[in-house]
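Read the structure below first, then the notes.
Taken together, the values in this text are just the output of simple stated rules run on the coordinates, not laboratory data. Predicted model only: the values in this text are computed from it and were never measured. Here the Cβ positions follow ideal geometry from the backbone for every residue, glycine too, while neighbour counts run over all protein chains shown.
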Amino acid sequence: MLHEKIKTSTTIDHKNAEKHSYGHEIMSRSLTKEQYAQLLVANYTYIAAWEKQWAQLSNMDTTQFDLTSRSKTTLLENDLKSMGVDPSNLILIDLETPSTLAQFVGRMYVIEGSTLGGAMIEKQLQLNPNLNDCSFEFYGGYGPNLIPFWKSFLAELNKIENEDDQNEAVLWAKRSFNDMETCFINAKSMSLHS
C-alpha cells in the first residue's frame, strides 16, 4: 500500500524536518512565545503557499479530498495575528505546482500527517505555562474530524497502485519534508519580538 511505502521511504526526511521543529521544547513544555511564533511562521510559509496552488489544479480532480474543509491558512493567520505577527509581511516558500494526482497526494501526505501529529502537540502547548494566552487554532486542526479525515485521506492515497505513480508520490513526499525543513530553519533565524 502506498501509505506504508511513503512512510518507510521518508523516515530520514521526516526526522530531518523534525530536528528543527522544537520537539524537545514542546514535549518538555518549555517552548517560549518567540519559538511558538517561529513554528507558526514555518508552517504558514509552507502551507499558505501550498493551499494557494489548489486553485491551479484544474487539470486533476481533487473533490474527493474536500480541500475546503482541510484548509489551514486561516487558522495559521489567526494564530499569528494573536502573536502580533502580520502574515501579509511573510514571504511564502516557492513550491513547484503538482501536475499529477500522484504528486499532489505525495505532498498532501506530509501535510495531513503533520495535522495528525499536531493534535499531540496541541495538548503539550495547552499545558505550557509560557503560552497561557496564546491561540492554538492551527494545532487544533480538524478537531473531532481529525481521525475520520486522516482515514478518508489514506483511503484515497492507497487507491494509487501503479508503481511509477507510487514512486512519484514518494518523491514528492520527500521533497515536501525537505521544503518543510527549509521553512523551519528559515523561521528559527527570524526575530519576531512576540
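Counting every Cα pair in the chain, what percent are over 29 Å apart?
Details: 3618 of 18721 pairs.
Of all Cα-Cα distances in the chain, 19 percent exceed 29 Å.
Each of 134, 100, 185 was scored by the projection of its Cα onto the charge dipole of the chain, and the greatest displacement toward the positive side belongs to 134; charges sit on the C-beta of Lys, Arg, Asp and Glu.
Rounded to the nearest 20, the size of the Cβ-charge dipole of the chain about its Cα centre is 480 debye, with Lys and Arg at +1 and Asp and Glu at -1.
Remark: 97, 182 ranked as 97, 182, counting other beta-carbon atoms within 10 Å and listing the fewest first.
Computed per residue of the chain from DSSP H runs no shorter than four, each worth -39500 (n - 2.57), the mean residue ellipticity at 222 nm is -20000 deg cm²/dmol.
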